[in-house]
Amino acid sequence: MAGKAQAGGAKSRFKQDEKRRDSDHVSFLKHRGFRWLWIALGLSLATIAGYLLIDQQPRPNGGTWYGYTLGTIGFGLIIWLSLLGVRKRRITTGAWSLKAWTSAHVYLGLSLVVIGTLHTGFQIGWNVHTLAYVLMLLVIATGIYGVIVYATLPQSLSANRKAMTRAQMLDALTAIDRQLESAAQPLARAEADLVIAALGQDVFGGGALARLTGSYPDCATARACTGISRGSEAETRVVALLEKRSEQLAQIRGALRIRAALEVWLFVHIPLTIALIAALTAHVISVFYYW
């Protein structure tokens, strides 16, 4: 009997492990059969229905009981959603795993468009209340961009690397550079200087704009490719190696461009979130002060 119980327990644990592994390969957008999408849709529809069914004039706005209710829900959601960065530092599984939290972050964040808009009662003006609303929309817009890039660009990054790690790509470039140093020895001084300039240029240089666009107009390797003729066997070999180096640089820079696109939105999304919380705090304080 004890053996059967142990076998049953092992089988149960195996099924749980298999189920967890399967869930690990599911996108956070599809987590638990789009659970948080349905919750967000239900919350949004309930909010719209409540707004439409209330029979009062003037229509509900931020200063009515329904406006205060939506404002409280929205404020609570924004504070909770901003804690995702804190949650990322704790890796756990279960109902509130990081994947579940991220899924809720995305869909409940989108529901704020409905909740926040109805909270305003469509009353927009030049004040701290509208500032908080506009900042909320900007945070949501940058969040949508983040979801899109994280859903699409990692696959592009993997394809660009061609099963190579960053270290392997750099090692491949180093190997080409060693061949160039040897092959460039017979060249004339002017042509050798072009190769030296190419080898001495920082692979990671060019600035943030170059990384984001993938454009490097001052690439010394490209300049050396066009500046060296193919008159001799040595020159032909050097140009061939330079072209190979250009291809390797393109692969590295392509990876840098994709990673920059993945990360740059955070430099906008997070400061906007902080500004939103500050404006929201001012909004709440002013409302209770003049209440």
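The values are calculated or read from the model by the stated rules, or taken from the named source; none is laboratory data. This one's a predicted model, so the numbers in the text were calculated from it and none came from an experiment. Cβ coordinates were reconstructed from backbone atoms using ideal geometry, including for glycine residues, and neighbour counts include every protein chain displayed.
Picking from residues in the range 169-184 that are in contact (Cβ under 8 Å) with a residue 24 or more places away in the chain and of a type in the set (A, V, I, L, M, F, W, C), the one that is surrounded by the fewest Cβ atoms within 10 Å (Cβ to Cβ) is LEU170. Which residue is surrounded by the most Cβ atoms within 10 Å (Cβ to Cβ), if the candidates are limited to the range 185-212 and must be of a type in the set (D, E, K, R) and out of contact with any Leu (no Cβ under 6 Å at 6 or more places or on another chain)? Per the criteria, the residue is GLU191. Note on the range 260-281: residues that are out of contact with any Phe, Trp or Tyr (no Cβ under 6 Å at 6 or more places or on another chain) and either surrounded by fewer than 15 Cβ atoms within 10 Å (Cβ to Cβ) or outside any helix (DSSP H, G or I) (or both) amount to 8.
Out of curiosity, is ASP202 assigned by TED's automatic domain parsing to the domain that holds CYS219, more than 17 Å from SER246 (Cβ to Cβ), without any contact (Cβ under 8 Å) to a residue 40 or more places away in the chain and of a type in the set (D, E, K, R)?
On the way: assigned by TED's automatic domain parsing to the domain that holds CYS219: yes; more than 17 Å from SER246 (Cβ to Cβ): no; without any contact (Cβ under 8 Å) to a residue 40 or more places away in the chain: yes; of a type in the set (D, E, K, R): yes.
In short, no.
Criterion first (at pLDDT 85 or above, among the acidic types (Asp, Glu) and either in the same structural domain as LEU84 (by TED's automatic domain parsing) or part of a helix (DSSP H, G or I) (or both)) does GLU247 satisfy it? When the stated conditions are applied, GLU247 passes them. Does LEU170 meet the test of being in contact with an Asp or Glu (Cβ under 6 Å, 6 or more places away or on another chain) and modelled with pLDDT of 80 or more? So LEU170 fails the test. Close Cβ contacts (under 6 Å, 6 or more residues apart or on different chains) running from residues in the range 90-114 that are among the acidic types (Asp, Glu) to residues that are modelled with pLDDT of 75 or more are absent. The residue that is modelled with the highest pLDDT, counting only those in the range 78-123 that are in a helix (DSSP H, G or I) and of a type in the set (Phe, Trp, Tyr), is TYR107.
Assess whether TYR145 counts as being in contact (Cβ under 8 Å) with a residue 40 or more places away in the chain and of a type in the set (Ser, Thr, Tyr). In short, yes.
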